[in-house]
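K.L.:
Before anything else, here's the structure in question.
The values are calculated or read from the model by the stated rules, or taken from the named source; none is laboratory data. Predicted, not measured: the structure shown is a model, and the values here were computed from it. Virtual Cβ from ideal backbone geometry, glycine too; neighbours counted across all protein chains shown.
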Amino acid sequence: MVSEYVNHFDVGICVGSTHALGSLELTLQSLKRNVKKGGFILVGEGYWKKKPSQAYLEALGGAEESELKKHHENVFMGESMGLVPTWSVVASDDDWDEYEGLYAMSMEKYCYENQNDPDCDSMLNKIRSWKRTYLTWGRDTLGFGLYLFQNQ
């Protein structure tokens with residue numbers, strides 16, 4: 001039963017998956033309930049570096065601007081819930097380029113080495129489209145931060 005774990009853990013971590021619980025806010029609420037007083041919560045979350053264009057949101061599959069906040073708003077959200085922000089760091093443009101580049105390269109490499117895989121054409125179309133989307137809008141618009149809070 002889940003209730004037996006309330007305030008049981010020293011650390012709660014959710015990096016890049018707050019959508020699994022519905023939002024950053026719902027994730028922080030859940031982690032706060034399940035982490036002991038004085039324990040730590042580490043969350044990795046996207047943020048808008050600037051207002052996303054409608055074309056970018058559409059390229060992301062119909063995303064909405066409201067799905068992410070600005071970097072400082074991510075910090076302030078935890079703070080507004082009684083969490084103490086103790087540290088944060090954001091990915092640099094070089095970090096993003098490496099992440100996106102390695103992701104695209106691994107897909108390209110897989111398909112080159114497995115040309116008989118019937119999914120390769122679809123995979124290559126998807127990754128090449130994603131790379132164009134990243135280069136056109138994503139690199140300048142979307143950021144990623146790690147946020148460490150202490151539960152009070």
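K.L.:
For ASN7, work out the one condition from (1) of a type in the set (S, T, N, Q); (2) at pLDDT 95 or above; (3) not in a helix (DSSP H, G or I) it doesn't fulfil.
P.N.:
All conditions are met except number (2).
K.L.:
Confirm whether LEU124 is closer than 30 Å to PHE9 by Cα and surrounded by 11 or more Cβ atoms within 10 Å (Cβ to Cβ).
P.N.:
Details: closer than 30 Å to PHE9 by Cα: no; surrounded by 11 or more Cβ atoms within 10 Å (Cβ to Cβ): yes.
Taking the combined requirement at face value, the residue does not satisfy it.
K.L.:
What number of residues within the range 44-66 satisfy the criterion of being touching a residue at least 12 places away in the same chain (Cβ under 8 Å) and among the acidic types (Asp, Glu)?
P.N.:
Final tally of qualifying residues: 2.
K.L.:
Got a sec? Which of LYS32, LYS37, LYS50, LYS69 is of a type outside the set (Gly, Ala, Ser) and closer than 23 Å to ARG132 by Cα?
P.N.:
LYS50
K.L.:
Going by the structure shown, is VAL35 β-branched (Val, Ile, Thr) and surrounded by fewer than 19 Cβ atoms within 10 Å (Cβ to Cβ)? So that I can check it myself, show each step before the final result.
P.N.:
Details: β-branched (Val, Ile, Thr): yes; surrounded by fewer than 19 Cβ atoms within 10 Å (Cβ to Cβ): no.
No: the conditions fail for VAL35.
K.L.:
Look at the range 96-118 and say how many of its residues are free of Cβ contacts under 8 Å to residues at least 12 places away in the same chain and within 24 Å of GLY44 (Cα to Cα). Give the derivation first.
P.N.:
Restricting attention to the range 96-118, the residues satisfying the condition of being free of Cβ contacts under 8 Å to residues at least 12 places away in the same chain are 98-99, 101-102, 105-106, 109, 112-118.
Right, trim to within 24 Å of GLY44 (Cα to Cα) and you get 98-99, 101-102, 105-106.
Matching residues across the range 96-118 total 6.
K.L.:
Only one of (1) within 30 Å of LYS32 (Cβ to Cβ); (2) exposed (fewer than 15 other Cβ atoms within 10 Å of the Cβ) is not met by GLU58, so which one is it?
P.N.:
Just one mismatch for GLU58, condition (1).
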